[in-house]
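Worksheet: the structure to be examined is printed underneath.
The values are calculated or read from the model by the stated rules, or taken from the named source; none is laboratory data. These numbers were taken from a predicted model, which means no experiment stands behind them. Please note: Cβ atoms are built from the backbone with ideal geometry, for glycine as well, and neighbour counts cover all protein chains shown.
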Amino acid sequence: MDTGIDIRFAGNELTREEWDGVWEILCECDNEFVPPLSSRNSSSQKDLRLGPGAAGSRVSDKPTAYFEELRKQQFIIAKSDGKVAGFMTFKTGYICDALSDFGTSNYITTVCVRKESRRQGILAGMYDMMENGLPAGVDSARISTRTWSQNDAHINALMKRGYSVIKRLPDDRGPGIDTLYFGKVK
């Protein structure tokens, strides 16, 4: 069955229209993240606490600093009818303190799908590309990502794909909001 969805590895060479689409989706999804993307300066920022004066305090109405950081990363782009419907960004050869026991990996920093394009297999297709479709120069035997403990939809998707929790940072994003690092060895 042809779903009309085209998913491809784009590296960081996107067309102007694709960059515009990524920006639109990032703005649309901004407040679905904890903390919101507009309150972050990086996709791998360590301090994610919420509350007045914390690093998670809103610094802008738009995720401008976050977007500029994403532009330096690798992209998997999903398009529907020629329009960007979703994207996944990642860093190659990534390691941080929380992943030190897991080792170097392709670290997925951001996954966003337009609200109107959800439940069409886009998320699964982008994960398929990450796990089995990357060019040799950027592929890795290990894949990692992080999310917050109340992001049930993403946690369930990761668990179904064979990812496991590598590290839990209790109350990392505020009281009762843990950061979960997930990993998978292909």
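Residues are listed down the side, and each one gets a yes or a no for (1) modelled with pLDDT under 95; (2) touching a strand residue (DSSP E or B) at 6+ places or on another chain (Cβ under 8 Å):
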site: Ile122; (1), (2): no, yes
site: Gly125; (1), (2): no, yes
site: Asn132; (1), (2): no, no
site: Gly137; (1), (2): yes, no
site: Ser144; (1), (2): no, yes
site: Ala153; (1), (2): yes, no
site: Lys160; (1), (2): no, no
site: Tyr163; (1), (2): no, yes
Worksheet item: When region 144-166 is examined, which residues are found to be among the charged types (D, E, K, R) and surrounded by fewer than 19 Cβ atoms within 10 Å (Cβ to Cβ)?
Response: Asp152, Lys160, Arg161
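Limited to region 76-99, what total is found for residues that are outside any strand (DSSP E or B) and closer than 27 Å to Arg168 by Cβ?
At the first step, the residues of region 76-99 found to be outside any strand (DSSP E or B) are 81-82, 95-99.
Right, trim to closer than 27 Å to Arg168 by Cβ and you get 95-99.
Residues meeting the conditions: 5.
Taking the conditions exactly as written (modelled with pLDDT of 95 or more, surrounded by 14 or more Cβ atoms within 10 Å (Cβ to Cβ) and in a loop (DSSP other than H, G, I, E, B)), does Phe102 satisfy them or not?
yes
Given the criterion buried (at least 17 other Cβ atoms within 10 Å of the Cβ), among the charged types (D, E, K, R) and at negative phi, identify the matching residue among Arg114, Arg118.
On the way: Arg118 fails: buried (at least 17 other Cβ atoms within 10 Å of the Cβ).
After applying the criteria, what remains is Arg114.
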Fill in: Pairs, first farther than 10 Å from Ala78 by Cβ and of a type in the set (Lys, Arg) in region 112-123, second surrounded by fewer than 19 Cβ atoms within 10 Å (Cβ to Cβ) and at pLDDT 95 or above, C-beta under 8 Å, six or more apart
Lys115/Glu28
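Just the residues that are touching a Phe, Trp or Tyr at 6+ places or on another chain (Cβ under 9 Å) and under 21 Å from Asp97 (Cα atoms), please, taken from region 159-173.
The first filter runs over region 159-173 and keeps only residues touching a Phe, Trp or Tyr at 6+ places or on another chain (Cβ under 9 Å), leaving 159, 161, 163-169, 172-173.
If the condition is that a residue be touching a Phe, Trp or Tyr at 6+ places or on another chain (Cβ under 9 Å) and under 21 Å from Asp97 (Cα atoms), then Tyr163, Ser164, Val165, Ile166, Lys167, Arg168, Leu169, Asp172, Arg173 are the ones that fit.
Looking at region 13-42, which of its residues are among the polar types (S, T, N, Q) and in a helix (DSSP H, G or I)?
The answer is Asn31, Ser38, Ser39.
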Worksheet item: All but one of (1) surrounded by fewer than 17 Cβ atoms within 10 Å (Cβ to Cβ); (2) of a type outside the set (Phe, Trp, Tyr); (3) more than 20 Å from Gln73 (Cβ to Cβ); (4) over 16 Å from the mean Cα position of the chain (by Cα) hold for Gly133; which doesn't?
Response: (3)
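Among the candidates Ala55, Ala65, which residue alone is part of a loop (DSSP other than H, G, I, E, B), surrounded by 15 or more Cβ atoms within 10 Å (Cβ to Cβ), aliphatic (A, V, I, L, M) and at pLDDT below 90? Reasoning before the result, please.
Details: Ala65 fails: part of a loop (DSSP other than H, G, I, E, B).
When all the criteria are applied, what remains is Ala55.
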Worksheet item: Looking at Ile177, Ile76, which is the one that is under 21 Å from Asp30 (Cβ atoms) and either of a type in the set (Lys, Arg) or at pLDDT below 95 (or both)?
Response: Ile177
